[in-house]
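Visitor: Okay, handing you the structure first.
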Amino acid sequence: MGIKGLTQLLKKKNAYNVLEKHLSKYKGKKIAIDTSILLYKYRYGSGNDQLSHIYGILGRCISFLSNGIIPIFVHDGEPPEEKSDVLSKRTDQRKKLKDKIENLKIQIREYSSDSDSSDDGQLYKLKANLSKLEKQVVNVSQLHRKEIFYLLKLLGVPNFIANGEGEASCAELQKKGIADYAYTEDMDILTFGCTKFLRASNKKDYYTEISLDNILENLKMNHNEFIDLCILCGCDYTCTIPKVGMMTAFNLINKERNIDQIIEKNTKYNIPEDFKYIKARELFKQDVIIPKTSFEIEKIKEEELIKFLLEEKKMPEKYVERYIQNFKKVSQKFRVNTVKNYFK
């Protein structure tokens, strides 16, 4: 999920102030994590290796805890009905991509078995195209999600399934002060009202920090106007208005301040009947229920964790031992009589 062209717009308007910090600078903080983003990242980066999500989350937990940070992993719940069209389109696109992959595989087999064919360059090109397309088909299944939820419970790391979009719950945790920051790669977390969020940097263990207050000040908008800007740019909850891109959206909001006034004074654009901007607004501004759960590091369930990693997931024993030793070392400092002592 994301807002179309928002990052480019903010850069163009010099409202996107980039502040990069090393992870160690967030010592003593809690960070709400959009887990879905990480799962896709780990699965994509590994070529869909069967244990990539496990290794990835274990490594992320150790990295955060070793820097004095408590991660709170938030998992997507059921998406709102308004998102069904977008999800359906993504499913169709994935199917078309898989069909292309299968056709390429057939071409490669036929080309390889053709004894009269000697053009190695053409075969190389077909294989390169196949590799490129296969990387675009990132498989994150319900099983992967359930395994990560279970893994985090065994580790004693806070995690819960959101009542809807994971990003909305991450934003709510940050707004309520339960978390100091949210982590995701999607800019629409700003639309949900998250005032401070982090994105991954190109540099190892560095994060880009983004402030909503700073953006609103630079754009000279309040948050309600910013929400309408994002809806006009394009979000997952409604369609867009033809011929209204990011710059046109900005100019319209800058002039009229809200979509209602834009539509009332419109003589130029064809407004689709299914442009449900009011419902999209409600979804971005809705109250989000946060479950009553612990947001502290709990004791690791070592025996169950070993059984899960070693017997169920068939992770090599040397890796299991190493991960558990490292995790116990970095997490035990949080389980003292008072967490505050550690952060002094």
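Visitor: From the list I259, I253, I300, I289, which residue is of a type in the set (V, I, T), crowded, with 16+ Cβ neighbours inside 10 Å and either in contact with a Ser or Thr (Cβ under 9 Å, 6 or more places away or on another chain) or in contact (Cβ under 8 Å) with a residue 40 or more places away in the chain (or both)?
Guide: I300
Visitor: Go through region 213-245 and give me each residue that's among the aliphatic types (A, V, I, L, M), crowded, with 22+ Cβ neighbours inside 10 Å and within 25 Å of the chain's Cα centre (by Cα). Spell out how you get there, then give the answer.
Guide: Taking region 213-245 and keeping what is among the aliphatic types (A, V, I, L, M), we get 215-216, 219, 221, 227, 229, 231-232, 241, 244.
Adding the requirement that they be crowded, with 22+ Cβ neighbours inside 10 Å leaves 227, 229, 231-232, 241.
If the condition is that a residue be among the aliphatic types (A, V, I, L, M), crowded, with 22+ Cβ neighbours inside 10 Å and within 25 Å of the chain's Cα centre (by Cα), then I227, L229, I231, L232 are the ones that fit.
Visitor: Of the residues E165, E102, E82, which single one is charged (D, E, K, R), modelled with pLDDT of 75 or more and under 30 Å from G193 (Cβ atoms)?
Guide: Answer to the selection: E165.
Visitor: Restricting attention to region 40-79, which residues are small (G, A, S) and modelled with pLDDT of 75 or more?
Guide: S52, G56, G59, S63, S66, G68, G77
Visitor: Can you tell me which residue is modelled with the highest pLDDT among those in region 1-39 that are in contact with a helix residue (DSSP H, G or I) (Cβ under 8 Å, 6 or more places away or on another chain), assigned to a helix (DSSP H, G or I) and not aliphatic (A, V, I, L, M)?
Guide: T35
Visitor: What residue, among those in region 40-66 that are open to solvent by less than 30 Å² (accessible area, probe 1.4 Å) and either assigned to a loop (DSSP other than H, G, I, E, B) or of a type in the set (F, W, Y) (or both), is farthest from E172 (Cα to Cα)?
Guide: Selected residue: L51.
Visitor: Within region 1-58, can you find the residues that are in contact with a Gly (Cβ under 7 Å, 6 or more places away or on another chain) and of a type outside the set (G, A, S)?
Guide: Across region 1-58, the qualifying residues are I3, K4, K27, D34, T35, L38, Y42.
The values are calculated or read from the model by the stated rules, or taken from the named source; none is laboratory data. Only a predicted model underlies this, so the values are computations on that prediction, with no experimental measurement involved. Cβ sites come from the backbone with ideal geometry, for glycine too, and all protein chains shown count toward neighbours. Remember, those area values only see protein heavy atoms, side chains included, never the ligands or the DNA or RNA. Shrake-Rupley method; radii C 1.70, N 1.55, O 1.52, S 1.80 Å.
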